[in-house]
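Each remark here refers to the structure printed beneath this line.
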Amino acid sequence: MLPLTRRAFLGASLAGLAGGPVLGADKPAEKPAEKPAEATPRASDDAAFQPSTLLLTWQRDPTTTMTVQWVGVKGETADTKVYYAPAAGGPFEAEPTLPRPYPQTDFKVFRAELTGLRPGADYWFRIGKRSPLYRFRTMPAKATDTIHFVSGGDCGVNVHAIANNVQAARQDPMFAVVGGDLGYDDGKSVEVSLAFLRNYSKHMVGRDGRLIPLVACVGNHEVEGGYNKPRAKAPFFYALFDGLYPETGFATLDFGDYLSLVLLDSGHTSAIDGAQADWLGKALKERAEQPHVLVVNHVPAYPSFRKIAGKDGKAGTGEGNRKHWVPLFEKHRVPVVLEHHDHTFKRTKPLLDGRQDENGVLYLGDGSWGRLRAPQKPEDLAYLAATSRDYHLSLHRLQGEERFHLALDENGRVMDVCRSGQRKGGMVRVRE
Ligand SMILES: [Fe+2]
Ligand SMILES: [Fe+2]
């Protein structure tokens, strides 16, 4: 990782953007085409069907697909098909939704995956004929322009989580990644799971009313019992995200030929070692040529609040990660790992085997979208570069082969700026 001052980073081109997007799109979004004559604007109150839990996510390539889903009840609207059309013009096509159970309730998840879409394009969509008209944008086929997205974790449903949602949306990110502990439903509370969805759906709206897709990985608070449990103990999480995670708690999401997210399950519904570690090695090897490979997991390998060392025969925090995953991150030159669970802001030094090395792996975290703890101090813990007790989200910008990472607090203040190292062969020394 290269040192970078806030002043140098923001530079002339980003100056004067305070209060607006800090790292979002530098140029205005594509001018929307005229809405079809029968369209009802999203903001209007007169549409008869406005699902408060409407959520976009992905199950596969975000350059050509979009998954539209909401939680509702059968019969509340007559037509549950998703109608969609390019904003640049063209006829609406219809995709039926398949109602699937939302556990412990009479609710259903209505889901439609739209495929064969144009990359980097704006679309209108609506549910049946009675919903407002919404918008989404597919990811570009090539990273010729800047790719920018937000990440964080440990949200909950309180006022701070909402403030962070608002700040995140203000950056107009292409998508958001939440690395576990979404609403804190603990696999038991349908009310909390729905409250998280309602908040996200309401606030995570970008420029021109574009809905911001969510990519999530599992945390302990999605799971009744937290750790080493079957998928059935994370019923709400998998009801929403089993398209990406059909069998296990880990998956990859590949964005064209420029970005791969490697989403891991830090021992909640899949063991860290064994099948997941074997899969991780293969997944990283297969993506050696991707310029940007980011790992996302919940429990941190390098914690900022909890203790790294075990006590009284109990494992230290992240011990499984460090034993089974970190050597693979280093071997395959993963530049950045997004970690959560400790409810702080954290940036580690670039690390190889826990020690600072300029060609090492950067760990960013630790999940304080809406939950907070007082972190340990960098002067007390050698692997840490920066910590603070602030609600925050991370803003990532991929530019060519460069990667920039900002931490923003809930008021939009830039707390930290850094740039992560390159993946070129030989840049990271391999630990055998
Ligand atoms: Fe948490
Ligand atoms: Fe957690």
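Here are the numbers for this structure:
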| item | result |
| --- | --- |
| Computed helical MRE - 222 nm, the chain, DSSP H runs ≥ 4 contributing -39500 (n - 2.57), nearest 500 | -4500 deg cm²/dmol |
| Calculated on alpha-carbon atoms, Rg and Dmax of the stretch 157-197 in Å | 11.3, 33 |
| Cα centroid of the stretch 164-216 to Cα centroid of the stretch 224-244, whole Å | 18 Å |
| Packing-based order for 139-145, 210-216, using average beta carbon neighbours within 10 Å, highest first | 210-216, 139-145 |
| Distance (nanometres) between label positions extended 7 Å along Cα→Cβ at VAL159 and GLU224 | 3.3 nm |
| Two-decimal log10 I(q)/I(0) for the chain, as the Debye equation yields it once each C-alpha is a single scatterer, q = 0.07 Å⁻¹ | -0.31 |
| Peptides 398-406, 173-181 ordered by average Cβ neighbours within 10 Å, highest first | 173-181, 398-406 |
| Selected from GLY90, THR115, CYS155, residue furthest toward positive end of dipole (the chain; charges at beta carbon) | CYS155 |
| On Cα atoms only, tilt of 159-170 relative to the major axis of the chain in degrees | 80 degrees |
| Cβ-Cβ FRET estimate between GLU76 and SER189, R0 fixed at 30 Å, reported to 0.05 | 0.85 |
| Radius of gyration, Dmax [the stretch 242-401; alpha carbons; angstrom] | 15.2, 48 |
| Coarse-grained scattering of the stretch 246-314 at q = 0.24 Å⁻¹, given as base-10 log I(q)/I(0) from a Debye sum over alpha-carbon atoms | -1.10 |
| Rg(Cα)/(2.2 N^0.38 Å) for the stretch 178-309, N = residue count | 1.10 |
| Inter-site label distance for ARG389 and GLN356 at 7 Å from Cα along Cβ, in nm | 2.5 nm |
| Centre separation in Å (Cα based) which lies between the stretch 380-400 and the stretch 141-159 | 14 Å |
| Mean Cβ neighbour count within 10 Å, used as a protection proxy, ranking 250-257, 69-76 highest first | 250-257, 69-76 |
| Net dipole in debye of the chain [+1 Lys, Arg Cβ; -1 Asp, Glu Cβ; about Cα centre; nearest 20] | 480 debye |
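Taken together, the values in this text are just the output of simple stated rules run on the coordinates, not laboratory data. Predicted model, so just to flag it, every value in this text is computed and none were measured. Every residue, glycine as well, gets a Cβ built from its backbone with ideal geometry; the counts of neighbours run over all protein chains shown.
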